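Enquirer: This is the structure I want to talk about, given as C-alpha cells.
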Amino acid sequence: RTTSATSSYLPGSHARSLNSHESSSTSIGSTSSLSSDASALSSEVDFDWKAIADEVFTTDKRPIILFDGVCNLCNGGVNFALDNDSVGSFRFASLQSRTGQALLLRSGKKASDISSIVLVTTETSYFKSDAVLRIARGMNSNPALPLIGAMGPIAPKFLRNIVYDVVADNRYRFGESEQCRMDFDNEFGDRFVSDP
C-alpha cells in the first residue's frame with residue numbers, strides 16, 4: 001500500500017535538523033516518563049504544546065507512533081504497521097507536525113529531534129529499539145511479530161540500539177518525500193492524528 005497526501009509538515013530545511021548523534025535525549029535509550037524538564041524546552045515552539053499533548057489523549061487513549069514524515073523508509077514502516085494492526089491498536093503522527101513536536105516536548109525531547117521513532121502512551125514514551133519492540137507486540141495480523149516483540153528484550157538494550165542507530169543514520173539513503181505519509185482515501189482516517 002503506497003498512498004500519500006499533503007499533511008501538516010515542516011519544509012525540508014527543518015526536516016533533518018537533528019540526527020541521532022545530536023539528539024537531546026535525557027538518557028541513552030529508550031523510555032521516558034512524562035518529563036518535568038519539558039517546560040525548559042518549550043521556547044522552541046510558538047504554540048501551546050501542552051494543550052495539544054493533552055488533547056490527543058482526551059477521548060482516544062490509543063498509543064501514538066511518531067515517525068519521520070519525510071523519510072521513505074519510515075513511511076514504509078507506517079504502511080507495514082497499518083497492514084499488520086488490523087484492530088487499530090496504534091495511531092500515527094509525523095515527528096515534524098505540531099502534534100509530533102508537542103509529544104516530543106512532553107517526552108522531554110527537543111521539538112526538532114527527529115532522530116528516533118517514538119511510541120507515546122498516556123503514561124510514558126519509548127524510543128529506539130524499545131519503541132519498535134513494543135509496537136511489534138501490538139501487531140495482531142502476523143503472529144511472528146508479537147513473538148519478536150516479546151523475545152527482543154532478551155538482547156541487551158545497548159546492542160539493540162546500536163543496530164537501530166545504524167539503520168536510523170542511513171534511512172535517507174532510501175529517499176525522501178516532500179510530504180508526510182497520510183491516507184489518501186481515508187481508509188485509515190481514525191489512525192492519523194490531525195494537527196490542530
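Enquirer: Yes or no: region 147-158 includes at least one residue that is buried (at least 19 other Cβ atoms within 10 Å of the Cβ) and out of contact with any Leu (no Cβ under 7 Å at 6 or more places or on another chain).
Expert: Scanning region 147-158, I find no residue that is buried (at least 19 other Cβ atoms within 10 Å of the Cβ) and out of contact with any Leu (no Cβ under 7 Å at 6 or more places or on another chain), so the answer is no.
Enquirer: Separate question: Considering only residues that are assigned to a helix (DSSP H, G or I) and modelled with pLDDT under 85, look in region 166-196 and name the one that is surrounded by the most Cβ atoms within 10 Å (Cβ to Cβ).
Expert: Per the criteria, the residue is PHE174.
Enquirer: Within the group ASN84, ASN142, ASN72, ASN79, which residue is modelled with pLDDT under 95, of a type outside the set (Phe, Trp, Tyr) and closer than 17 Å to PHE192 by Cβ?
Expert: None of the other options fit; the residue is ASN79.
Enquirer: Name the residues in region 87-109 that are more than 13 Å from SER194 (Cα to Cα), assigned to a helix (DSSP H, G or I) and more than 12 Å from the chain's Cα centre (by Cα), would you?
Expert: LEU105, ARG106
Enquirer: Only one of (1) farther than 21 Å from SER177 by Cα; (2) open to solvent by 40 Å² or more (accessible area, probe 1.4 Å); (3) among the aromatic types (Phe, Trp, Tyr) fails for PHE90. Which number is that?
Expert: With respect to (1) farther than 21 Å from SER177 by Cα; (2) open to solvent by 40 Å² or more (accessible area, probe 1.4 Å); (3) among the aromatic types (Phe, Trp, Tyr), PHE90 is out only on (2).
Enquirer: Within region 93-109, work out how many residues are in contact with a Pro (Cβ under 8 Å, 6 or more places away or on another chain) and either open to solvent by less than 10 Å² (accessible area, probe 1.4 Å) or at pLDDT below 95 (or both).
Expert: Of the residues in that region, 1 qualify.
Enquirer: For region 116-137: of the residues being in contact with a strand residue (DSSP E or B) (Cβ under 9 Å, 6 or more places away or on another chain) and in a loop (DSSP other than H, G, I, E, B), which is farthest from ILE162 (Cα to Cα)?
Expert: Looking at the filtered set, the residue picked out is GLU123.
Enquirer: Let me ask something else. For region 57-67, does any single residue satisfy the condition of being open to solvent by 20 Å² or more (accessible area, probe 1.4 Å) and β-branched (Val, Ile, Thr)?
Expert: yes
Enquirer: A further question follows. Restricting to region 117-126, count the residues that are closer than 23 Å to LEU159 by Cβ and open to solvent by less than 10 Å² (accessible area, probe 1.4 Å).
Expert: Of the residues in region 117-126, 3 are closer than 23 Å to LEU159 by Cβ and open to solvent by less than 10 Å² (accessible area, probe 1.4 Å).
The values are calculated or read from the model by the stated rules, or taken from the named source; none is laboratory data. Remember, it's a predicted structure, so these values are computed and weren't measured experimentally. Counting neighbours? That spans all protein chains shown, and the Cβs are built from the backbone with ideal geometry, glycine included. Side chains are part of the model used for accessible areas, which takes the heavy atoms of the whole protein and leaves out ligands, DNA and RNA. Shrake-Rupley method; radii C 1.70, N 1.55, O 1.52, S 1.80 Å.
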